[in-house]
Each structure stands twice: as C-alpha cells, then as structure tokens.
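What follows is calculated from the coordinates using simple rules that are stated; it is not laboratory data. If you're wondering where the values come from, they're calculated on a predicted model, not measured in any experiment. When we count neighbours, we look across all protein chains shown, and the Cβ atoms used for this are built from the backbone with ideal geometry, even at glycine.
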Ligand code: PMP
C-alpha cells in the first residue's frame, strides 16, 4: 500500500499564522480530483445564470447511485444545511443526542428553537444508546445517532442500532448521521434499504465533505421515506444548491475508484498513526472515520505548541484529522518528544 501522495494543497486558513498542519476540521487532505475540478470549472462559465429553483438533478443523481427513488432524497448545503432543514421541518421540541458530538447539532438546535438533551458517552467512548432511549419522552422531536461517532470515531454495533430503532418506535424521527460512512469496511455498513423499509421515522444523513473531499462546495443529503422527506423538502432554500454541486457529484461518482483509493490511503494512514502512538503508550479509541481522538490532558496544548491545529476538548483531549505522512510524523513527534509536552518555563 502506498501512502498518501504528497504534497497536498496546504490550508489557506492559517497562511499568516504559526499553524504548520491544519487538522482541526476532519477534512480530506487531498484536493479535488482534476476531473472534478474541470467539471466544476465548466459550470462557472454560466455562473451568471441561477441554478434550479428547487434541486431536482442532484437528488436524482444521488438516488440513482444508491438505488433509491428521488422522492426519498433531500439535498442541501452540506450535511449541516440538511440537518437544519430537518430540524425546521420537525418544529420546536427536544433533540436527544450524545455529548460530545458534532458541534453543529448544538448550533443548529439553537437556530431551530429546539432544546438539546445531551447524553454523555459511556465509559468506552460510545454513544450510550440505553441512556439515549431513556432520555426520549413526549417532548422529543428528534434523536441523533452518529455512526461512526464524531469525535471518538467509534462505531456502534449494527445490532444495537437496530434494537435502538425498534425501541424508539415509529413516531419519533431518528437521524442516523453517516457523515463518515465511506470510511467503514463494507461489512461494517448498515443495510439502509432494509432499515428504511422497516422504520418510516428513520432519516440518514450523509455528506460529500469527507470521503469525497468536497467540504468547500457544501453538498449534503438526507435519505428517508417520502412522507417525511416531503416535509423536509418543504424547507428547501430556493436557488440554494449551485449548479457546481451537481457537476461535482456527477464527476465524483464517475471517479469513484480513484476516490475509494484515497479513502483506503487515509484509513491506512490512520491505522499507522494509531499503532505508532500505541507503541509509545498513547491509547486512542479504534477509529472508523478519517480522524483519531487522542485523550488528554495536555494533548491539545502539546500539538498547538508544535504548530498542529487539532480540535481541542475541555479536558485537553483532541480530535485530529488524518493528513499526509508528513503530518503523521509531525503529530507522532510532537506527542512522543518530551520537550513538546513540558510546561513553559
Ligand atoms: N455530521 C458529522 C458527524 C460531522 O462530523 C460533520 C462535519 N464535521 C457534519 C455532519 C457536517 O458536515 P458537512 O456540513 O460538511 O456536510
């Protein structure tokens, strides 16, 4: 297995700062494939024109790719945009989710006027499904379950998800966030067709930001049974999905083998970093996504001092995206060289 090709295009967010590696947002380290860039560039020539009033081409493309009907797909500005559409469609009430989780859920719940009911992870860093089930009550309007989870990268057992869905019943919508699904081994994936047949309240959230490496284009989608999806589509922003998004998705599907090769390189690099840390006594949960969760205390400070941007948590732990082999080496060196972890004198 070859490692990540280098160099990738550096992040421009910290051009003037001291950040050497920008690994804070669980992004894909690869720039878009040339074929995807070319497809997007072509759409720019008609950027004086509006895109479709309400998106039809993108849901059709995604539906065809997944063997679903277009009326079972709703699209939006990243999974974040679609999640907001979901919340706005469901009205104000309680949203049950794990904590910590993707930060967006707290922000969006606030925007949508929902009350977040955070349920702590269990001791192993997994979403505590029994506790989340107990947190569901008459005021609950949405339950969010991530698979894999952000920030730990842990994966809920498929059977546990199935029994959770049965226990919650058909009345309360459950959003299964699969933002990182493409990083899962095929055998670890859920059969979404079977689940959606069985659970009319189930919504599956996905994105082109992670495995497809198109975070800057803001393309996400949600799958579900058509009555529920109809309600969510009602929240669609007119002219809200650019023509470039359609072109990028079409070109990405056409280049799937190359993209899957990149996914394999990222997961390989993730395994390498985890093993290297482990060999020096630093334990991290087994991650099924494109990042690692490295426990604190002190980890966030150590990385920051080494010019490595990771997402910090209050106890000093971090979530760090998998980057190039050079980034892996820098992270490893920073965390295993005593000099970096000493407090300032
Ligand atoms: N869900 C999860 C679990 C995430 O980690 C993220 C991004 N960090 C998102 C949703 C949102 O992704 P986007 O809006 O870029 O599609």
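Here the Gaussian network model covers the chain, with springs between Cα atoms less than 10 Å apart; of 325, 100, 130, 130 fluctuates the most. Restricting to bridges with both residues inside region 34-254, how much of the DSSP beta-bridge set is antiparallel, in percent to the nearest 5? About 35 percent, rounded to the nearest 5. Normalised by 2.2 N^0.38 Å, where N counts its residues, the alpha-carbon radius of gyration of region 232-336 equals 1.39.
In this entry, region 34-254 is assigned a mean projected area of 11.7 nm², taken as a quarter of its C-alpha convex hull surface. Extension gain for residue 64-residue 103 works out to 10.9 nm (0.36 nm per residue, less the C-alpha to C-alpha distance).
One compactness figure for region 15-76 is 1.61, namely its Cα radius of gyration divided by 2.2 N^0.38 Å. Between residue 38 and residue 162, what is the label-to-label distance in nm when each label sits 7 Å out along the Cα-to-Cβ direction? Those two pseudo-labels are separated by 4.4 nm.
Considering only beta bridges that DSSP places wholly inside region 161-309, some 55 percent are antiparallel.
Size descriptors for region 167-317, from the alpha-carbon set: Rg then Dmax equal 18.8, 53 Å. Over the chain, DSSP H runs of length four or greater, each weighted -39,500 (n - 2.57), average out per residue to a 222 nm ellipticity of -11500 deg cm²/dmol.
Computed from the C-beta positions of residue 194 and residue 329, the FRET efficiency with R₀ = 56 Å rounds to 0.85.
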